[in-house]
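S.K.: Please find one structure pasted underneath; my questions will follow.
The values are calculated or read from the model by the stated rules, or taken from the named source; none is laboratory data. Small disclaimer: the values here were computed from a predicted structure and weren't measured. Virtual Cβ from ideal backbone geometry, glycine too; neighbours counted across all protein chains shown.
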Amino acid sequence: MKNGNQLKRREPLTDTQLLLTITICIFVAMYALAMIFLGGGFLRFQQVFDMLNNNAALIIVACGLTIVMIGGGIDISVGGVTALVVMSCIVHMNNGGSIFTAALMAIGIGLCFGLAHGFLISYLEIQPFIITLAGMFFARGMTTIVSLEPQKIAHEGFKTLMKTKIEIPWLGYIAKKGNLIPARMEIGVVIALVIVAIVFVMLKKTRLGRNFYAIGGNSQSALMLGVNVKRTRFYSYLISGLLSGIAGFVFMMHTGAGNATNAAGAEMNAIASSIIGGTLLTGGVGNVIGTFFGVLTLTTIKAIVPASGLTKPWWQSITTGGMLCFFIVLQSVVLSQRAKKKAKAKEAAKG
Amino acid sequence: MEKTAQKTKFSWSKYSQLLLPLLSLSLIILFNLFRDPSFFSVAITENNAGNTVLTGNLISILNGASELAVLAMGMTLVTAACGGQDISVGALAAIAGSMFVKILRSGEITLGTIALAFVCACAIAIVFGTFNGTLVSVFKIQPMIATLVLYTCGRSIAYWLNGGATPTVESPLINAIGSFIPGIPVPTPILIVIICGIIFALIFKFTTLGLFTQTVGINQRAARLNGINTTFIKLLSFMILGVCCAVAGCIGVSRLGLINHETLLLDVEMDTILAVAIGGNALGGGKFKVSSSVLGAYTIQALTTTLYAMKVPSTDVKAYKAIVIILIVVIGSPVVKAFFSKLWAKLKAGKQTGKQVKEAA
């Protein structure tokens, strides 16, 4: 308990917790309202699992992006890298490669991008936006160079891996015919959840994780305190690249097809999820659990809109935009109010 | 004598920002010179409509970069004032273009209706620009995040404005805006860019906007303490960018004669930010040079046209573009610059000591 109080006294951590609480509350409220007013699929656990199944790759990508954003940077190449990994792995496996080498390839491509970004951004001090933008162009261009035609997986072993699902009978529902349909979860979701857990522990408990917060909050003072700012920044991009590679593999396990437009807009969806989850682009504030809920919130909005009768094609992104606007304004107002209160308290303490 | 020397030195430092875009542009031109000198040939031909027009790669570079150049002008201001970039310019241009088409389709197309449609497009772009600007200046949200909202939903709003269709406009007048005015051999978009450039130059010459923007970008607190309304300056930069988006959207619509909310100026936001960065402007705000950004825009287009001329498939262009972009920014990076200036100083010092040794001998 004493430890908790001490944590509360530290500024960035409390901001993180506050924003996280807001996100979780809004997500729960939104989902509850959907359950009450829309009913149907929202009453089943399968709805949650479907959201996870469809967005396992996005969760992984968003985790990497959260780390980069906590460190005060940005990585918009993640979607491109994911697409490149999907395409290369499928072409590799269709030409007789094994699943193991494909997985190695996914991790290798991700690490290569991470290395290049990290080196150029932290050691040559070039703006992260430009470098990762170039990385995105490169990855997207390479994807079409690898194969312009859409590719479908033909590897039998991988097909069975794709179909393998974890069934949880006690979360299932009784169908109209009277038979029990268990809730199904793909392997990708397990990987995503494990990664969320690992990143969470890393950010909270390890020195590297704390260093990310330090360089994002104030790189100057982090440097004075003996943090190797350049190396920490380098690691943040490296991890982001690695996670994009893994996300590509998970994406492939979900779709089983490679296309030049795979994961289009994933970078912006990941950024939006991180922001909804309470990560600030200025760095130093953020939480990977929030990002996880950010992805869920974003998906829930996208599921609610067509279910509530707004079936025209434009409503989905307009409501998503509106929701995003609501979140960022709310965060801005809450944070500025707190800053004001704090300043007042300081003045009162002085007087 | 000394005075003039000082003067030339001063003006040199003033234009040193142009060095990076000029260097990269000349590199691309040199490359083309060695590759194929006929790349630069400009011919006078007759087009389908019977006008005598200028054609050639150079003209198509200047013509193709028009939208990018106009957007880069506005983006430079936003970058300088807010220390961040607007990623919604493509979406905003699509909205403005939709409005433009909507008004044009409601009646007969004459010069008057075109002017009215353009004003309406500007108005709606300014409204959305003000929305972005309010998020940035009043709610103090980073520009990239604030404009992410419009980036997400802007193209859908454009689709909504069109009522779920991709309407076309057909008129010789629209054609004249998009390609050539009869009797003038230069493509009209180039003329529009020149007009925009002149307007920007006049604004900077006769108002304090440039100075104020720079001040706000360098130190917001200091600017406020000196009596500059920082909120208004930021808002104004977004409104100006809105007008630029409207101009770019109208050029884009006129070029094709139709509005497609999905493909109009696709990915232009990334290219625009790149143009600003190649122009040597600090993406963190502060000092800026609009002309430098425009040069950056032409550099990007020259690169694209060169790649097309080399028969690179249009889908693969991005990968090669990325390599050149990374080369350009690595050359411009502070660490590499410092390394080279150190090397230069060492070489100089080495020469001098060599001279001294000789003299001593």
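S.K.: Can you name the helices (runs of 4 or more DSSP H) wholly within segment A:1-93 that have at least 1 residues being at negative phi and at pLDDT 90 or above?
M.R.: Helices (runs of 4 or more DSSP H) meeting the threshold: A:11-37, A:45-70.
Quick grid of which residues meet (1) touching a residue at least 24 places away in the same chain (Cβ under 8 Å); (2) part of a helix (DSSP H, G or I):
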site: B:Pro182; (1), (2): yes, no
site: B:Leu211; (1), (2): no, yes
site: B:Gly217; (1), (2): yes, yes
site: B:Arg224; (1), (2): no, yes
site: B:Gly227; (1), (2): no, no
site: B:Ser237; (1), (2): yes, yes
site: B:Val243; (1), (2): yes, yes
site: B:Val247; (1), (2): yes, yes
site: B:Arg255; (1), (2): yes, yes
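S.K.: If we keep just the residues of segment B:53-89 that are part of a loop (DSSP other than H, G, I, E, B) and more than 14 Å from chain A (Cβ to nearest Cβ), which is surrounded by the fewest Cβ atoms within 10 Å (Cβ to Cβ)?
M.R.: B:Gly56
S.K.: Say whether the condition of being farther than 13 Å from A:Asn55 by Cα, assigned to a helix (DSSP H, G or I) and either at pLDDT below 85 or in contact with a Phe, Trp or Tyr (Cβ under 6 Å, 6 or more places away or on another chain) (or both) is met by at least one residue in segment A:256-267.
M.R.: No; the residues of segment A:256-267 include none that is farther than 13 Å from A:Asn55 by Cα, assigned to a helix (DSSP H, G or I) and either at pLDDT below 85 or in contact with a Phe, Trp or Tyr (Cβ under 6 Å, 6 or more places away or on another chain) (or both).
S.K.: Moving on to the next point. Report, by residue number, each residue of segment B:325-361 that is hydrophobic (A, V, I, L, M, F, W, C) and outside any helix (DSSP H, G or I).
M.R.: Across segment B:325-361, the qualifying residue is only B:Ala361.
S.K.: Do the conditions hold for A:Ala183, that is, is it more than 14 Å from chain B (Cβ to nearest Cβ) and farther than 19 Å from A:Val86 by Cα?
M.R.: yes
S.K.: Identify, from the list B:Val247, B:Val186, the residue that is buried (at least 22 other Cβ atoms within 10 Å of the Cβ), under 30 Å from B:Asn51 (Cβ atoms) and among the β-branched types (Val, Ile, Thr).
M.R.: Checking each option against the conditions leaves just B:Val247.
S.K.: Which number in (1) part of a helix (DSSP H, G or I); (2) modelled with pLDDT under 90 marks the one condition that B:Thr263 misses?
M.R.: Here B:Thr263 meets the rest and fails (1).
S.K.: Considering only residues that are closer than 24 Å to B:His261 by Cβ and charged (D, E, K, R), look in segment A:300-340 and name the one that is nearest to the other protein chains (Cβ to nearest Cβ).
M.R.: A:Lys312
S.K.: Hey, does segment A:313-322 have a residue that's without any contact (Cβ under 8 Å) to a residue 40 or more places away in the chain and assigned to a loop (DSSP other than H, G, I, E, B)?
M.R.: Within segment A:313-322, one or more residues are without any contact (Cβ under 8 Å) to a residue 40 or more places away in the chain and assigned to a loop (DSSP other than H, G, I, E, B).
S.K.: A follow-up question, please. Does at least one position in segment B:97-114 carry a residue that is within 14 Å of another protein chain (Cβ to nearest Cβ) and hydrophobic (A, V, I, L, M, F, W, C)?
M.R.: The answer is no; no qualifying residue exists.
S.K.: Next question, about the same structure. Please go through segment A:94-137 and pick out each residue that is at positive phi and more than 14 Å from chain B (Cβ to nearest Cβ).
M.R.: Passing the criteria: only A:Gly96.
S.K.: Output the qualifying pairs, or none if there are none: Cβ atoms under 6 angstrom, residues six or more apart or on different chains, first residue in segment B:116-145 and part of a helix (DSSP H, G or I), second residue of a type in the set (Ser, Thr, Tyr).
M.R.: B:Asn132/B:Thr147; B:Ser137/B:Thr231
S.K.: From the list A:Ala102, A:Ala29, which residue is in contact with a Cys (Cβ under 6 Å, 6 or more places away or on another chain), within 30 Å of A:Ala183 (Cβ to Cβ) and of a type outside the set (Lys, Arg)?
M.R.: Every option except A:Ala102 fails the conditions.
S.K.: Sticking with this structure for a sec: Condition (residue is within 12 Å of chain B (Cβ to nearest Cβ), on the phi > 0 side of the Ramachandran plot and touching a helix residue (DSSP H, G or I) at 6+ places or on another chain (Cβ under 6 Å)) applied to segment A:279-293: is it met by at least one residue?
M.R.: yes
S.K.: Taking the residues in segment B:325-337 that are free of Cβ contacts under 8 Å to residues at least 24 places away in the same chain and more than 8 Å from chain A (Cβ to nearest Cβ) as candidates, determine which candidate is farthest from A:Phe137 (Cα to Cα).
M.R.: Within segment B:325-337, the match that is farthest from A:Phe137 (Cα to Cα) is B:Lys337.
S.K.: Exactly one condition in (1) within 9 Å of chain A (Cβ to nearest Cβ); (2) at positive phi is false for B:Gly280; which is it?
M.R.: Tallying (1) within 9 Å of chain A (Cβ to nearest Cβ); (2) at positive phi, B:Gly280 fails exactly one: (1).
S.K.: Looking at segment A:159-193 only, could you name the residues that are in contact with a Leu (Cβ under 6 Å, 6 or more places away or on another chain) and within 15 Å of A:Thr255 (Cβ to Cβ)?
M.R.: Within segment A:159-193, just A:Val189 meets the criteria.
S.K.: Of the residues B:Leu209, B:Leu161, B:Leu191, B:Leu173, only one is more than 14 Å from chain A (Cβ to nearest Cβ), surrounded by fewer than 21 Cβ atoms within 10 Å (Cβ to Cβ) and farther than 28 Å from B:Val53 by Cα; which?
M.R.: Answer to the selection: B:Leu209.
S.K.: Give the residue that is farthest from the other protein chains (Cβ to nearest Cβ), with candidates limited to residues of segment A:139-180 that are under 30 Å from B:Lys318 (Cβ atoms) and in a strand (DSSP E or B).
M.R.: Only one residue tops the list, namely A:Lys152.
S.K.: Could you tell me which numbered condition A:Ser221 fails, if it satisfies all but one of (1) of a type in the set (Gly, Ala, Ser); (2) within 23 Å of A:Asn54 (Cα to Cα); (3) surrounded by fewer than 17 Cβ atoms within 10 Å (Cβ to Cβ)?
M.R.: In the conditions (1) of a type in the set (Gly, Ala, Ser); (2) within 23 Å of A:Asn54 (Cα to Cα); (3) surrounded by fewer than 17 Cβ atoms within 10 Å (Cβ to Cβ), A:Ser221 misses (2) alone.
S.K.: So, one more: Among (1) modelled with pLDDT of 90 or more; (2) touching a strand residue (DSSP E or B) at 6+ places or on another chain (Cβ under 6 Å), there is one condition B:Ala43 misses while meeting the rest; what is its number?
M.R.: (1)
S.K.: Filter segment A:211-237 for residues that are in contact (Cβ under 8 Å) with a residue 24 or more places away in the chain and out of contact with any helix residue (DSSP H, G or I) (no Cβ under 7 Å at 6 or more places or on another chain) and give the result.
M.R.: Scanning segment A:211-237 gives A:Asn218, A:Arg231.
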